[in-house]
Amino acid sequence: MPVMIAAVVLVGALCTLDLILTLGVIKRLREHTALLSEVSDNMPGRPPVLAVGAEIGEFTAVTVDGEVLTRESLAGDTLVAFFSPNCEPCQEMLPKFVAHARATDGGRERVLAVVVGATDRAAGQVAELSPVARVVVEGSDTALTSAFEIKGFPALFRVAPDGAGRPVIADNRVQLPATPTVVA
């Protein structure tokens, strides 16, 4: 009988220890979930971005066509996208973005695409984007990525003037249509 009592006490102690460890793991998972939730609030499939209403920083950049762009160049409602040639999600998003940009009111003047990477590696994306957007290739000069505080790729924004006429982020979670829009 004393062996049986010792076994029951041992099993009870092990179960209590297991319960304490399980509660510790659950607590840790909740902490991680909260951290991941913060990240995913900024990044549902995308990197963290400027908040809606945030003013865009000053920048000067030159498009592949030689046009000089500044913050003031983003007059009106403008779709802005950041891509990288090394980014697989960028490659997947590119055809949808091109189709969406093609259907954007105001045409090419209302779409800005920034390809961040070496010019030779960016050539394919530039070729796809040039017919539908003003394209800037950023190598070592990261004026646009700094102005938009880009932390990862791809990133899409809708920029519009605020009440004072300054370009601000109107939408930092631009949703591209699942299927490309056909324009007649």
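The values are calculated or read from the model by the stated rules, or taken from the named source; none is laboratory data. What you are looking at is a predicted structure, and each value in this text was computed from that prediction instead of being measured. Virtual Cβ from ideal backbone geometry, glycine too; neighbours counted across all protein chains shown. To get the accessible areas, we keep the full protein, side chains included, count just its heavy atoms, and leave off ligands, DNA and RNA. Shrake-Rupley method; radii C 1.70, N 1.55, O 1.52, S 1.80 Å.
Restricting attention to the range 76-101, which residues are in contact with a Lys or Arg (Cβ under 9 Å, 6 or more places away or on another chain) and surrounded by fewer than 18 Cβ atoms within 10 Å (Cβ to Cβ)? Answer for the range 76-101, where residues must be in contact with a Lys or Arg (Cβ under 9 Å, 6 or more places away or on another chain) and surrounded by fewer than 18 Cβ atoms within 10 Å (Cβ to Cβ): GLY76, ASP77, ASN86, PRO89. Counting the residues of the range 54-82 that are part of a strand (DSSP E or B) and of a type in the set (A, V, I, L, M) gives 7. Every listed requirement among (1) under 18 Å from LEU156 (Cα atoms); (2) modelled with pLDDT of 90 or more; (3) open to solvent by 70 Å² or more (accessible area, probe 1.4 Å) is met by ASP105 save one, (2).
Would you mind telling me which numbered condition in (1) at pLDDT 90 or above; (2) more than 16 Å from VAL174 (Cα to Cα); (3) within 19 Å of the chain's Cα centre (by Cα) VAL132 fails? Status for VAL132: all satisfied but (3).
Of the residues in the range 123-139, not one is of a type in the set (Ser, Thr, Tyr) and farther than 16 Å from VAL64 by Cβ.
Residues considered: VAL114, VAL135. Of these, the only one that is under 13 Å from SER84 (Cβ atoms) and either among the charged types (D, E, K, R) or buried (at least 20 other Cβ atoms within 10 Å of the Cβ) (or both) is VAL114. Across the range 138-164, the number of residues qualifying as open to solvent by 50 Å² or more (accessible area, probe 1.4 Å) and either more than 17 Å from the chain's Cα centre (by Cα) or among the polar types (S, T, N, Q) (or both) comes to 7. In this entry, VAL68 is excluded by the filter for residues that are in contact (Cβ under 8 Å) with a residue 60 or more places away in the chain, of a type in the set (A, V, I, L, M, F, W, C) and either surrounded by fewer than 20 Cβ atoms within 10 Å (Cβ to Cβ) or out of contact with any His (no Cβ under 8 Å at 6 or more places or on another chain) (or both).
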